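This report concerns only the one structure given below.
The values are calculated or read from the model by the stated rules, or taken from the named source; none is laboratory data. This structure is a prediction, so every number in the text was calculated from the model and none was measured. Neighbour counts are summed over all protein chains in view; Cβ atoms, including those assigned to glycine, are modelled from backbone coordinates with ideal geometry.
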Amino acid sequence: MGLFLLWFFFGIGILIQAIYLLVIFGKAAFYAGNKSPSTSKNEEGVTVVICAHNEFLNLKTLIPRLFEQDYPVFDVMIVNDRSTDSTKRLLEKMMESYPKLRSVTIKYTPTHVTAKKYALTLGIKVAKHDVILLTDADCLPETNQWIRKMTAPVRNQEKTFAVGFSGYEQKPGFLNNWIQFETLLTGLYYISFGLWKKPFMGIGRNLCYRKDFFMNVKAFKGLWHIEGGDDDLFINQYASGRNTAIVLDPEANTISKPKETRKEYLIQKKRHLSVGKYYSGEDKRKIGLYSFSHALFWLGGLGLLIYVGLVHSWEHFSVVFGIILLRSFLITLIFKAAEKKIQGTKPPKNIWMLDFLYLGYFWILGTISHQAKDIQWK
């Protein structure tokens, strides 16, 4: 009976994993669609909105880069959220050099709302243009075509949302290699399902939508009490296959500074993962089914290797080991193709090993994040 269950779990894991890797993730990895056009008919005004809390050094680098964008009509709104560093003085000085730079200062946050959502709502409310493009203070556009390409679906295709990708700087070391892997896997989730017309999340580091829509649906109604989710939960509530476009183009990406210590990274991921419990039931299954089948594959496969090894059934051992090798080759192929398509850079190293470690990462950190009550933005 035990051997039967191991084969059963292993077989179910293989089947579901094959569907995800070849069909769902393959949509992004081998996407043959055209890149977003470099020129567009409607050059409607765009407001770039950035919430910043004690981001003096990052803003000092980011603001000049934003004004190198190759787009005719845009301005930048910085929401200075309760900063105690030199952010305010920096913004006042830079507004003298950049007439299209504006800022609003928040001195306190009402007790019944969360800080990031309050800051973002205020920034969008006073935005000059209807097309809103979001990023974070520690992000940089990959190219000077970022505004043009990220906003093209909203401006020219009558889409409500345009969802883009944001990666992290590549640096030496295991932690950064893991960050590259986990970020790419997350990207494969929302980009692939978005391309299949089943969008369920986006990231605030690279997201575009219309101000009118944001205000008409009363923005974060029902979400004010949740720390985080100003991006993915908002998309989860209102995105559909008809009103959402995925911008799959390395020139439309942003790039962020990665965390450099395990403690900082775990705090960040706990915040990100904590909002997953608020997704719709269908969207929870999109992520959960992959992770569940991933666990079935590895636990069933390792269990079989131990069992048949102990009874010296080397033919069965070779079959199971061969299937594990085949899947390791397949996931490496998919991730390499996806990295090239999404970011145009080198893929993480030792993808097969990182995939195995993901087994513990998802179930342990996911459980901790699901139960966490001490989540904060800044």
On the given criteria, is residue 5 modelled with pLDDT under 95, surrounded by fewer than 18 Cβ atoms within 10 Å (Cβ to Cβ), on the phi < 0 side of the Ramachandran plot and out of contact with any Cys (no Cβ under 7 Å at 6 or more places or on another chain)?
yes
Is the range 30-50 home to any residue that is surrounded by fewer than 21 Cβ atoms within 10 Å (Cβ to Cβ) and aliphatic (A, V, I, L, M)?
yes
Test for residue 187: is it of a type in the set (Gly, Ala, Ser), crowded, with 19+ Cβ neighbours inside 10 Å, without any contact (Cβ under 8 Å) to a residue 60 or more places away in the chain and not assigned by TED's automatic domain parsing to the domain that holds residue 361
no
Filter result for the condition that a residue is over 16 Å from residue 302 (Cβ atoms), assigned to a helix (DSSP H, G or I), aliphatic (A, V, I, L, M) and modelled with pLDDT under 90, over 368, 375
368
If a residue counts only when it is under 23 Å from the mean Cα position of the chain (by Cα), which strands (runs of 3 or more DSSP E) contained entirely in the range 55-160 have at least 3 such residues?
74-81, 131-134, 139-141
Checking residue 218 against (1) surrounded by fewer than 22 Cβ atoms within 10 Å (Cβ to Cβ); (2) closer than 23 Å to residue 273 by Cα; (3) not small (Gly, Ala, Ser): exactly one of these is not met. Which one?
(2)
Exactly one of these conditions fails for residue 87: (1) closer than 14 Å to residue 135 by Cβ; (2) surrounded by 15 or more Cβ atoms within 10 Å (Cβ to Cβ); (3) of a type in the set (Val, Ile, Thr). Give me its number.
(1)
Somewhere in the range 31-52, is a residue part of a helix (DSSP H, G or I) and at pLDDT 95 or above?
no
Of these, 55, 142, 92, which one is more than 30 Å from residue 218 (Cβ to Cβ), surrounded by 16 or more Cβ atoms within 10 Å (Cβ to Cβ), out of contact with any Leu (no Cβ under 7 Å at 6 or more places or on another chain) and of a type in the set (Asp, Glu)?
142
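Going residue by residue through the range 239-261, is there one that turns out to be surrounded by 15 or more Cβ atoms within 10 Å (Cβ to Cβ), among the hydroxyl-bearing types (Ser, Thr, Tyr), at pLDDT 90 or above and touching a helix residue (DSSP H, G or I) at 6+ places or on another chain (Cβ under 8 Å)? Give the steps one after another, and end with the answer.
Restricting attention to the range 239-261, the residues satisfying the condition of being surrounded by 15 or more Cβ atoms within 10 Å (Cβ to Cβ) are 239, 243-256, 258-259.
Now restrict to residues that are among the hydroxyl-bearing types (Ser, Thr, Tyr): 244, 254, 256.
This time we only want the ones that are at pLDDT 90 or above, so: 244, 254, 256.
Within this subset, residues satisfying the condition of being touching a helix residue (DSSP H, G or I) at 6+ places or on another chain (Cβ under 8 Å) are 244, 254.
Within the range 239-261, one or more residues are surrounded by 15 or more Cβ atoms within 10 Å (Cβ to Cβ), among the hydroxyl-bearing types (Ser, Thr, Tyr), at pLDDT 90 or above and touching a helix residue (DSSP H, G or I) at 6+ places or on another chain (Cβ under 8 Å).
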Members of the range 86-127 found to be among the basic types (Lys, Arg) and over 19 Å from residue 62 (Cβ atoms), listed by number
107, 117, 125
As an exercise: evaluate residue 230 against (1) part of a loop (DSSP other than H, G, I, E, B); (2) free of Cβ contacts under 8 Å to residues at least 12 places away in the same chain; (3) not basic (Lys, Arg) and give the number of the one condition it does not meet.
(2)
Criterion violated by residue 284 - all others in (1) part of a helix (DSSP H, G or I); (2) within 27 Å of residue 142 (Cβ to Cβ); (3) without any contact (Cβ under 8 Å) to a residue 60 or more places away in the chain satisfied
(2)
Selected residue (criterion: surrounded by the most Cβ atoms within 10 Å (Cβ to Cβ)) from residues of the range 313-354 that are of a type in the set (D, E, K, R) and in a helix (DSSP H, G or I)
339
List the pairs whose first member sits in the range 265-278 and is under 13 Å from residue 203 (Cβ atoms), whose second member is at pLDDT below 70, and whose Cβ atoms are under 7 Å apart, counting only residues at least 6 apart or on separate chains?
271/375
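Answer yes if at least one residue in the range 238-254 is more than 28 Å from residue 47 (Cα to Cα) and outside any loop (DSSP other than H, G, I, E, B), and no otherwise. Lay out the reasoning, then the answer.
Step one: of the range 238-254, the residues more than 28 Å from residue 47 (Cα to Cα) are none.
There is no residue in the range 238-254 that is more than 28 Å from residue 47 (Cα to Cα) and outside any loop (DSSP other than H, G, I, E, B).
Criterion first (part of a strand (DSSP E or B), crowded, with 24+ Cβ neighbours inside 10 Å and of a type in the set (Gly, Ala, Ser)) does residue 202 satisfy it? Steps first, please.
Working: part of a strand (DSSP E or B): no; crowded, with 24+ Cβ neighbours inside 10 Å: yes; of a type in the set (Gly, Ala, Ser): yes.
No.
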